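S.K.: What follows is a structure written as structure tokens; I'll ask about it next.
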Amino acid sequence: MAPSPTPPAAPEAEFSPAVLAQLRRLQARYAADNQDLAAYLEGLYHADYVNYWDYIQLDTLLSLQRPLTKFPDEKIFIIYHQITELYFKLCLHEYEQLGELQEPTLGEVVLRLGRVNRYFENLIDSFDVMVDGMEKEQFLQFRMSLMPASGFQSVQYRFIELASTALENLVPAEKRRLLGDAPTHEEFMGCIYWQAGATVEDTGAKALTLVEFERKYTGELVAHARQYEHRNAWAVVQRLPEADRHHPRLLRALKQLDVNVNVNWPLMHYKSAVRYLQRDPTDVPATGGTNWRNYLPPKFQRRIFYPQLWSAQELEEWGKGWVDKVLEELG
Ligand code: HEM
């Protein structure tokens, strides 16, 4: 039998017009960089399909939950902290984009603030995973193996605060008065409100939790404060056209943020501290004897991002009604 003739080269017509158009675009793009399109197509030929598990790095993600004890509920504690940190990361992603706006529009600012609010509301709604979702007996035992670690050491939480408002609003009024006319970032950071937390209840000395946190993050926090001086949400709002600065949608978003970050999340969090740590006549020692009962409630902390937006009475009653209601619920 005669050998079959070599098949003719595939005619160009085998490619659809759409494919040919894409090839021409690619050719032009690679030619602009003096690159050989054929070599890149060879690479494409060998490339794998993108799969879900690779794309989101599922194996790595699921390898990051490593309890230090044998108590099953410790895993819940780790995972919920990780979920929270991922939400914090989403918030910071919005603050970064917000801070870059030199000539913001009302729509852009409300959109970014709205996203941060949505993330915080998800966290507030899901905090029951902590409040009701672990056995107290297990918690009290595994928590002892984790000292002096505390969510207090979450640097992303602090970055969110620094990206939300002017630095002076994070310094208690009585300390601000002592700082003189033009305090440096370092001076502000030296008396920032969280210096009053994670201190030993009996002596007022810094607990190891705070000492370690400062050792690791002081430099980064000062740099972040400096970076966000003109990029924090309030500074960006001041760059809006005058009329937009008083727009009800904007005011609602800012006030909601203030309440979400400074009242509602702290209260849900406080509820979990009360549920696991409060024991009459003294608290359980799982925090290393810190002053959390006097520090955490928003009515004592009085952290307020946008004091300009609240009435004198609202400022006076900051967090009060809510705290009492939460404590009533706990009985
Ligand atoms: C059962 C669950 C929890 C308990 C009992 C608890 C307890 C505490 C306590 C006692 C403090 C005060 C600082 C200290 O004395 O160590 C604190 C601070 C803090 N915790 Fe938690 N926590 C819980 C869950 C969480 C979670 C899931 C997060 C998420 C990241 C978190 C983030 C924080 C933050 C950011 C602070 C500092 C708050 C501030 O400075 O106002 N905590 N926590």
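S.K.: Name every residue in the range 191-213 that is more than 8 Å from the ligand (Cβ to nearest atom) and either in contact with a Gly (Cβ under 8 Å, 6 or more places away or on another chain) or within 14 Å of GLN153 (Cα to Cα) (or both), in order of residue number. Reasoning before the result, please.
M.R.: Of the residues in the range 191-213, the ones more than 8 Å from the ligand (Cβ to nearest atom) are 191-192, 195-196, 199-206, 208, 210-213.
GLN195, ALA196, THR199, VAL200, GLU201, ASP202, LYS206, LEU208, LEU210, VAL211, GLU212, PHE213 - these are the residues of the range 191-213 that are more than 8 Å from the ligand (Cβ to nearest atom) and either in contact with a Gly (Cβ under 8 Å, 6 or more places away or on another chain) or within 14 Å of GLN153 (Cα to Cα) (or both).
S.K.: Could you please find all residues in the range 279-331 being among the hydroxyl-bearing types (Ser, Thr, Tyr) and modelled with pLDDT under 85?
M.R.: Answer for the range 279-331, where residues must be among the hydroxyl-bearing types (Ser, Thr, Tyr) and modelled with pLDDT under 85: THR282, THR287.
S.K.: Which number in (1) within 28 Å of ASN294 (Cβ to Cβ); (2) assigned to a helix (DSSP H, G or I) marks the one condition that ALA235 misses?
M.R.: Every condition holds for ALA235 apart from (1).
S.K.: Somewhere in the range 149-168, is a residue over 26 Å from the mean Cα position of the chain (by Cα), open to solvent by 50 Å² or more (accessible area, probe 1.4 Å) and more than 10 Å from the ligand (Cβ to nearest atom)?
M.R.: No, there is no match, as no residue in the range 149-168 is over 26 Å from the mean Cα position of the chain (by Cα), open to solvent by 50 Å² or more (accessible area, probe 1.4 Å) and more than 10 Å from the ligand (Cβ to nearest atom).
S.K.: Any chance the range 195-213 includes a residue that's out of contact with any strand residue (DSSP E or B) (no Cβ under 9 Å at 6 or more places or on another chain), surrounded by fewer than 17 Cβ atoms within 10 Å (Cβ to Cβ) and farther than 22 Å from TRP292 by Cβ?
M.R.: No, every residue in the range 195-213 fails to be out of contact with any strand residue (DSSP E or B) (no Cβ under 9 Å at 6 or more places or on another chain), surrounded by fewer than 17 Cβ atoms within 10 Å (Cβ to Cβ) and farther than 22 Å from TRP292 by Cβ.
S.K.: Among the listed residues THR203, THR218, identify the single one that is over 28 Å from SER126 (Cβ atoms) and modelled with pLDDT under 95. Step through it out loud before you land on a result.
M.R.: On the way: THR218 fails: modelled with pLDDT under 95.
After applying the criteria, what remains is THR203.
S.K.: Considering GLN238, GLN227, GLN256, which residue is closer than 18 Å to ARG303 by Cα and open to solvent by 30 Å² or more (accessible area, probe 1.4 Å)?
M.R.: Just one listed residue meets the conditions, GLN256.
S.K.: Also: Pairs only if they're at least six apart or on different chains, beta carbon under 8 angstrom, first in the range 228-239 and touching a residue at least 60 places away in the same chain (Cβ under 8 Å), second open to solvent by 70 Å² or more (accessible area, probe 1.4 Å) and assigned to a loop (DSSP other than H, G, I, E, B); list them, first residue then second.
M.R.: ARG231/GLU100; ALA235/GLU229; ARG239/GLN102; ARG239/GLU103
S.K.: When the range 111-131 is examined, which residues are found to be within 16 Å of the ligand (Cβ to nearest atom) and touching an Asp or Glu at 6+ places or on another chain (Cβ under 9 Å)?
M.R.: VAL116, TYR119
S.K.: Which of the following residues is more than 16 Å from the ligand (Cβ to nearest atom), open to solvent by 70 Å² or more (accessible area, probe 1.4 Å) and either in contact with a Phe, Trp or Tyr (Cβ under 8 Å, 6 or more places away or on another chain) or in contact (Cβ under 8 Å) with a residue 40 or more places away in the chain (or both): GLU108, GLU135, GLU100, GLU174?
M.R.: Testing whether each residue is more than 16 Å from the ligand (Cβ to nearest atom), open to solvent by 70 Å² or more (accessible area, probe 1.4 Å) and either in contact with a Phe, Trp or Tyr (Cβ under 8 Å, 6 or more places away or on another chain) or in contact (Cβ under 8 Å) with a residue 40 or more places away in the chain (or both) leaves just GLU100.
S.K.: Further question: Cβ-Cβ distance below 6 Å, separation of 6 or more or different chains: which pairs start in the range 149-163 with a residue that is in contact (Cβ under 8 Å) with a residue 40 or more places away in the chain and part of a helix (DSSP H, G or I) and end on one that is polar (S, T, N, Q) and more than 8 Å from the ligand (Cβ to nearest atom)?
M.R.: ALA163/ASN232
S.K.: Scan ASP73, ASP54, ASP48 and give me the residue that is open to solvent by less than 30 Å² (accessible area, probe 1.4 Å) and acidic (Asp, Glu). Full working, then the answer.
M.R.: On the way: ASP54 fails: open to solvent by less than 30 Å² (accessible area, probe 1.4 Å); ASP48 fails: open to solvent by less than 30 Å² (accessible area, probe 1.4 Å).
So the residue among ASP73, ASP54, ASP48 that is open to solvent by less than 30 Å² (accessible area, probe 1.4 Å) and acidic (Asp, Glu) is ASP73.
The values are calculated or read from the model by the stated rules, or taken from the named source; none is laboratory data. Because the structure is a prediction, the values reported are computed rather than measured. Because the Cβ atoms are built from the backbone with ideal geometry, glycine has one as well, and the counts that use them run over all protein chains shown. Just so you know, the surface numbers come from the protein's heavy atoms only, side chains and all, with ligands and any DNA or RNA stripped out. Shrake-Rupley method; radii C 1.70, N 1.55, O 1.52, S 1.80 Å.
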